[in-house]
Amino acid sequence: MRLDDYMTTCLLHPTLGYYTTQDPFGQTGDFITAPEISQMFGELIGLCLAQKWLSDGAPDRFTLAELGPGRGTLMADALRACRAVPGFADAAQIVLIEASPALQAQQRKALSRYDVTWIDRTTRLPDQPLYLIANEFFDALPIRQFIRDENNWRECQIGLQDGAFQMGLGAALPQPSLAHRMNDTKDGDVVETCAAGITILNSIATRIDTYGGAALIIDYGDWRSLGDTFQALQDHQSVDPLASPGHADLTAHVDFEGLATAAAPALFTKLTPQGVFLERLGVTARAQNLANALNGPALDAHITAHRRLTHPAEMGNLFKVMGLYQNGKPPPPGLEP
Ligand code: SAH
């Protein structure tokens, strides 16, 4: 079985999949994401998009979309912060893309005061300006892995041996889609590809090019994929990705260069560390403001959360932000062309 088929089945199988059957987030779940760490994350993302909307001339109808909204926390924090921006909420049509019915139900609850639509794919996004957020979405999309074998590639595949899953290698074959990796890899190197991510990114970028708007893609990963980044998390611990299918979160680092190549004719920004991006958006001022109302353990937790989101040794550097925007318009605040 190819790795992308394995990932899709483990994560999204209708009755046995990881996202379809459980709530993976928070202290008691398997991992914790930025919006669950602090309200500041969603607030600043929301205000970033609202400022971009203002800079674009405040179009009177637009889509405010999120891919893989988890518990709906980010969108709820963003919309609350954006109440400070006159006209923004009234002009916004909120659209979410979420594969898990269990998480959709949580999103409905978190956003009960808003009119929200769910769609199942980006090609169904309304034909109007698009302002979109994807936090830790692209890392959940299925990847394929290849090992270089001289001038060919062998695909990493999963087989069954003595009742257990085992990684194995397919035959050495040419891979035209990896021709550009012949220059920066050597025999034995592992590269990963994510066709689903490229297709989704291209459909977002096409909308932004046609109707205007912006997208913020936030994830762990780097400019170019090199090495095996396929991993599983269970109870905040790294585990063998083949050991308990459907019970562990499976992810791979995002290859931002791969996504960026699918952005044309829309433009993409420089890849920016999350810590730098949040600093530019004013996270420290917001943190100080919130701290004024806190003391004791709540204040300690707040300071820890600020550090977790921004410090280079925590999420600040591992997580990166890439923006998409329309040619002729400014990039989203906090990001550079
Ligand atoms: N953005 C949230 C959740 C990240 S986890 C946060 O930051 O907390 C990944 C999310 O993407 C989950 O909501 C998961 O159910 C959803 N997801 C994963 N693969 C998907 C797919 N192919 N289509 C739609 N949603 C998907």
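Every read-out reported here was derived from the displayed coordinates using simple, explicitly stated rules and does not represent laboratory data. Here the structure is a predicted model, which is why all the values come from computation and not from measurement. For neighbour counting, all protein chains shown are included, and Cβ atoms are generated from backbone atoms with ideal geometry for every residue, glycine included.
Across segment 169-252, the mean sequence separation of Cα contacts (distance under 8 Å, 6 or more residues apart), normalised by length, yields a relative contact order of 24 percent.
In this label model, Ala313 and Ser55 are separated by 3.4 nm, measuring between points 7 Å along each Cα→Cβ vector. Counting pairs of alpha carbon atoms under 8 Å apart in space and at least six apart in sequence, what relative contact order in percent does segment 135-213 give? Contact order relative to length: 34 percent. Using a ≥ b ≥ c from the Cα gyration tensor of segment 227-335 (square roots of the eigenvalues), is it rounded, prolate or oblate, where a/c under 1.5 gives rounded and otherwise the larger of a/b and b/c decides, a/b for prolate? Because a/c hits 1.5 or more and a/b fails to exceed b/c, segment 227-335 counts as oblate. Residue exposure proxy: Thr123, Thr15, Thr210, ordered by other Cβ atoms within 10 angstrom of their Cβ from fewest to most, comes out as Thr15, Thr123, Thr210.
Each helix, a run of at least 4 DSSP H residues, gives -39500 (n - 2.57); summed and divided by the residues of the chain, these come to -9500 deg cm²/dmol at 222 nm. Across the chain, the relative contact order, built from alpha-carbon pairs under 8 Å that are at least six residues apart, equals 20 percent. Ellipsoid semi-axes for the chain, based on the Cα gyration tensor and the rule √(5λ), read 33, 24, 20 Å when sorted largest first. This ranking places Arg181, Arg144 by how few other beta-carbon atoms lie within 10 Å of each, fewest first, which gives Arg181, Arg144. With respect to the cross-link table entries Lys186/Lys320; Lys52/Lys270; Lys52/Lys320, which display a Cα-Cα separation exceeding 22 Å? Check vs 22 Å cut-off fails for Lys186/Lys320.
Which of rounded, prolate or oblate describes segment 155-306 when judged by the alpha-carbon gyration tensor and an a/c cut-off of 1.5? Since a/c reaches 1.5 but b/c is at least a/b, the shape of segment 155-306 is classed as oblate. What does the C-alpha gyration tensor say about the overall shape of segment 74-128? Classify as rounded when a/c is under 1.5, otherwise prolate if a/b is larger than b/c, or oblate. In terms of gyration-tensor shape, oblate. Counting every other Cβ atom within 10 Å of each residue's Cβ, Glu136, Glu43 order from fewest to most as Glu136, Glu43.
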